[in-house]
Amino acid sequence: MTTTITHWVNNKAYPGTSSNTAPVTNPATGAVSGEVALANVEDARAVIDAASAAFPAWRDTSLAKRTAILFRFRELLEARKPELAAIITAEHGKVLSDALGEISRGQEVAEFACGIPHLLKGGYTENASTKVDVHSVRQPLGPVGIISPFNFPAMVPMWFFPVAIAAGNTVVLKPSEKDPTAAIWLAELWKEAGLPDGVFNVLQGDKTAVDELLTNKAVKSISFVGSTPIAEYVYSTGTAAGKRVQALGGAKNHAIILPDADLDLAADAMVNAGFGSAGERCMAISVAVAVGDVADDLVDKIAERAKTIKTGDGTRNSDMGPLVTKVHRDKVASYVDAGEQAGATVVLDGRTVDPDGAADGFWLGPTLFDNVTPDMSIYTDEIFGPVLSVVRVDSYDEALELINSNPYGNGTAIFTNDGGAARRFQNEVEVGMVGINVPIPVPMAYYSFGGWKASLFGDTHAHGTEGVHFFTRAKAITTRWLDPSHGGLNLGFPQNA
Ligand code: NAD
């Protein structure tokens, strides 16, 4: 049976007026499980209008009341996250434990946002000039747009909306059309937590919906996460329309393994970070850079471990699920073909996988390539699948040069027991998030998440204090309480006395 997945406006499902829909599939079976509404411009405007109408009252709702709702949202999420994990697995394909993991990381941002009263505190200066005081406040922007990718249908929206809502904004979330149901589940949870109508809304759709969010004057900011070409488009279009934009893009994450590294730890990390979530993570490691004579041992150890990965239906006892769509599965498989043709050594071939799942699932097992060179498409392109490339280099400097000359700069890691080398790496590498003997260095909610170079357009990262700054604007207020007779004309520029 297929279901219809609609928009969500004013705490209710909203069918919209467009008759366009897109199929939603279960990647583990290949079956179409639903049809998601694709908004036309009028539908998008109706959702944005609801967020605009709700803004004045929500902005003026006390911090005590706002945070009480946030705490309830957090408690409900904690209690009911298995339901959400099942939805994620059914539409995205990742295994249930991984789906629960992404919810927990999103929940941490809701917990961070529960502390919003402290985060919004401004400064106060008494007697800045004689009997003149100055103070600062941070105020919400208005309705804000969030556009999210398929690979984290719960966590990525939660990087943004708890902070946005806590700060007094209203939200329009445009989820990926590939796995749109998680957003509706989260909207229902907000309703149950007591969030007023119109504060959190969901707009389902494709480019039409995105373009309306980017150009509609009522929408004050855009938080986008997705591939680099779309991130660039979103950034240029949104900023040209006068909006604040943070657009997080694609990645090609390298890990350097130095000769003194603990190779068992490094091999575990390469397998976990290369093949977890079938490589469909923006923080996945897709290139292991083996320095000096570690390469042979490292490749053996990675292969030994990767062979034990059980590829299969995420609701069973599998380690790795299917890819999100058939089109994406075939694209990733074509990269494996291209790598083989280009002369890389196929150590483990995911094309021959025997999955624990339905015949029509979008299966591809872990693939390990050795002797990859920087001119091969498996190296140059973001594959976004379970394909790990080993590049052999002679020195740390060569490894660093490889990373720093890559257009992306999302995440990276170094494996070593040499504190000096690690310290040099954290200082020299041109990447936004760095792990030292840690493969997927996703920062905690109270730090900020974001890459450098082609992995992020805009200057503000997600969540943490940067997130609070993004969703608020500063106001400085200068005050004098004096007998008006002390005034008098003075056309000169105000000076302190
Ligand atoms: P995508 O760019 O295809 O889609 C992202 C969003 O943009 C979706 O909501 C989609 O509906 C919308 N969109 C797609 N085409 C559009 C168009 N032509 N015009 C306007 N909007 C459009 O990305 P995806 O395939 O859903 O997600 C995977 C990508 O996201 C990878 O490149 C991955 O690295 C990246 N990603 C980055 C981060 C990060 O933090 N930097 C996190 C997660 C995912």
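Part of a helix (DSSP H, G or I) and acidic (Asp, Glu): does that describe Asp330?
yes
Mind checking which residues of the range 327-341 are in contact with a strand residue (DSSP E or B) (Cβ under 8 Å, 6 or more places away or on another chain), open to solvent by 30 Å² or more (accessible area, probe 1.4 Å) and more than 13 Å from Pro386 (Cα to Cα)?
Step one: filter the range 327-341 for residues in contact with a strand residue (DSSP E or B) (Cβ under 8 Å, 6 or more places away or on another chain), giving 332, 335-336, 339-340.
Now drop any that are not open to solvent by 30 Å² or more (accessible area, probe 1.4 Å), which leaves 335, 340.
If the condition is that a residue be in contact with a strand residue (DSSP E or B) (Cβ under 8 Å, 6 or more places away or on another chain), open to solvent by 30 Å² or more (accessible area, probe 1.4 Å) and more than 13 Å from Pro386 (Cα to Cα), then Glu340 is the only one that fits.
Inspect the range 137-144 for any residue being crowded, with 21+ Cβ neighbours inside 10 Å and within 16 Å of the ligand (Cβ to nearest atom) and give the result as yes or no.
yes
Restricting attention to the range 200-227, report how many residues are of a type in the set (D, E, K, R), in a helix (DSSP H, G or I) and within 7 Å of the ligand (Cβ to nearest atom).
Going through the range 200-227 one residue at a time, the tally reaches 2.
Starting from residues that are open to solvent by less than 20 Å² (accessible area, probe 1.4 Å) and touching a Lys or Arg at 6+ places or on another chain (Cβ under 8 Å), keep the ones in the range 213-227 and report whichever is nearest to Asp43 (Cα to Cα).
Among those that are open to solvent by less than 20 Å² (accessible area, probe 1.4 Å) and touching a Lys or Arg at 6+ places or on another chain (Cβ under 8 Å), it is Leu213.
State whether one or more residues within the range 347-369 are of a type in the set (Val, Ile, Thr), over 27 Å from the mean Cα position of the chain (by Cα) and closer than 27 Å to Leu96 by Cβ. Step through it out loud before you land on a result.
Step one: filter the range 347-369 for residues of a type in the set (Val, Ile, Thr), giving 347, 352-353, 367.
Going one step further and asking which of them are over 27 Å from the mean Cα position of the chain (by Cα), we end up with 347, 352-353.
With closer than 27 Å to Leu96 by Cβ added as a condition, the list becomes 352-353.
Checked against the condition, which is being of a type in the set (Val, Ile, Thr), over 27 Å from the mean Cα position of the chain (by Cα) and closer than 27 Å to Leu96 by Cβ, the range 347-369 yields at least one hit.
Among the helices (runs of 4 or more DSSP H) contained in the range 70-174, which hold 2 or more residues that are more than 30 Å from Lys12 (Cβ to Cβ)? Full working, then the answer.
Working: elements: 96-113, 116-119, 155-166.
By residue number, 96-113, 116-119.
Do you know which of the residues in the range 62-75 that are crowded, with 16+ Cβ neighbours inside 10 Å and out of contact with any Phe, Trp or Tyr (no Cβ under 9 Å at 6 or more places or on another chain) is farthest from Val163 (Cα to Cα)?
Taking the range 62-75 and keeping what is crowded, with 16+ Cβ neighbours inside 10 Å, we get 66-67, 69-70, 72-74.
Of the ones still in play, those that are also out of contact with any Phe, Trp or Tyr (no Cβ under 9 Å at 6 or more places or on another chain) are 67, 70, 72, 74.
Numbers: Thr67: 11, Leu70: 10, Arg72: 15, Arg74: 13 Å.
Taking the candidates together, the pick is Arg72.
When you go through (1) small (Gly, Ala, Ser); (2) in contact (Cβ under 8 Å) with a residue 60 or more places away in the chain; (3) away from the ligand (no atom under 14 Å from the Cβ) one by one for Gly464, which number turns out not to apply?
(3)
With the range 228-314 as the region, which strands (runs of 3 or more DSSP E) entirely inside it contain at least 1 residues that are buried (at least 23 other Cβ atoms within 10 Å of the Cβ), within 14 Å of the ligand (Cβ to nearest atom) and hydrophobic (A, V, I, L, M, F, W, C)? Step through it out loud before you land on a result.
On the way: elements: 244-248, 253-257, 285-291.
Because the criterion is at least 1 residues that are buried (at least 23 other Cβ atoms within 10 Å of the Cβ), within 14 Å of the ligand (Cβ to nearest atom) and hydrophobic (A, V, I, L, M, F, W, C), the strands (runs of 3 or more DSSP E) in the range 228-314 that meet it are 244-248, 285-291.
The values are calculated or read from the model by the stated rules, or taken from the named source; none is laboratory data. Bear in mind the structure is a predicted one, so any value in this text is a computation, not a measurement. In this analysis, Cβ positions are derived from the backbone assuming ideal geometry, glycine residues included, and neighbour counts consider all displayed protein chains. Protein only, heavy atoms only, side chains kept; ligands, DNA and RNA dropped before computing areas. Shrake-Rupley method; radii C 1.70, N 1.55, O 1.52, S 1.80 Å.
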